[in-house]
1. If you take the beta carbon distance between S61 and V34 as r and set R0 to 25 Å, what does 1/(1 + (r/R0)^6) give as a FRET efficiency, to the nearest 0.05?
2. Please give the contour-minus-distance gain from T119 to K75: 0.36 nm per residue of separation, less the Cα-Cα distance, rounded to one decimal in nm.
3. Please report the relative contact order for segment 56-139, taking Cα pairs under 8 Å with a sequence separation of at least 6, and give it as a percent rounded to a whole number.
4. Once every DSSP H run of n ≥ 4 in the chain is given -39500 (n - 2.57) and the sum is divided by its residues, what mean residue ellipticity at 222 nm do you get, rounded to the nearest 500 deg cm²/dmol?
5. If I histogram all Cα-Cα distances within the chain using bins 10 Å wide from 0, what percent of pairs lands in each bin?
6. Can you put R25, R118 in order of accessible area, largest first, using a 1.4 Å probe?
7. On average, how much accessible surface per residue is there in the chain, in Å², for a 1.4 Å probe, leaving out ligands, DNA and RNA?
8. Along the Cα-to-Cβ line of T5, 7 Å from the Cα, sits a label point; which residues in segment 62-103 have backbone N less than 12 Å from it?
Amino acid sequence: LTTATTAYIAGDTLGTQFTVANAARVSGGSGTIVGCTVMDVNDIVGAIDVVFSRESITLASDNAAWAVSDADALKIVGLVQLVGAFDIGNNRIAQQFNLAVPYDCSGGTSLFASLITRTGHTFFAAVTDLQLALWVERN
């Protein structure tokens, strides 16, 4: 994920879309998201929403208000709120476990994710290593 170096405000798109490969065992398969973590080695991010979709969707530009078309909104399967990021020294981690977010993949085995920042902040250099980790149970 690469981010802008200008200030973000709450509700902005954070970076670009993630592809979660092999989220389903077979094309068009399904599963359940049981855990979600975002790691920021730059020690900056705060609360984040992670939006999951069954197909790739067109997002607003990085650092612009998060918005999708009506057609793309129908592809969304769920949202996970990471209500805060824990400062672990030189890094921050936002996480949520014990989830039960069902999903299905459309036309493949991938799930897609995008981030919405819920706090204002500025990356002082372009971030290229913000990481999303998911725990899923595939059907």
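The values are calculated or read from the model by the stated rules, or taken from the named source; none is laboratory data. No experiment lies behind these values; they were computed from the predicted model shown. Ideal geometry is used to build each Cβ from the backbone, glycine not excepted, and the neighbour counts take in all protein chains shown. The protein model used for the area step is the full one, side chains on, heavy atoms only, and it has no ligands, DNA or RNA in it. Shrake-Rupley method; radii C 1.70, N 1.55, O 1.52, S 1.80 Å.
1. Efficiency at R0 = 25 Å is approximately 0.20.
2. Numbers: separation 44, 0.36 × 44 = 15.84 nm, distance 2.56 nm.
Working it through step by step, the gained length comes to 13.3 nm.
3. So the answer I get is 18 percent.
4. Helices in the chain give a 222 nm mean residue ellipticity of -500 deg cm²/dmol.
5. 13, 44, 33, 10, 0
6. Working: R25 145, R118 105 Å².
Most to least solvent-accessible, the answer reads R25, R118.
7. Averaged over the residues of the chain, the accessible area is 47 Å².
8. Taking a point 7 Å out along Cα→Cβ of T5, no residue of segment 62-103 has its backbone N under 12 Å.
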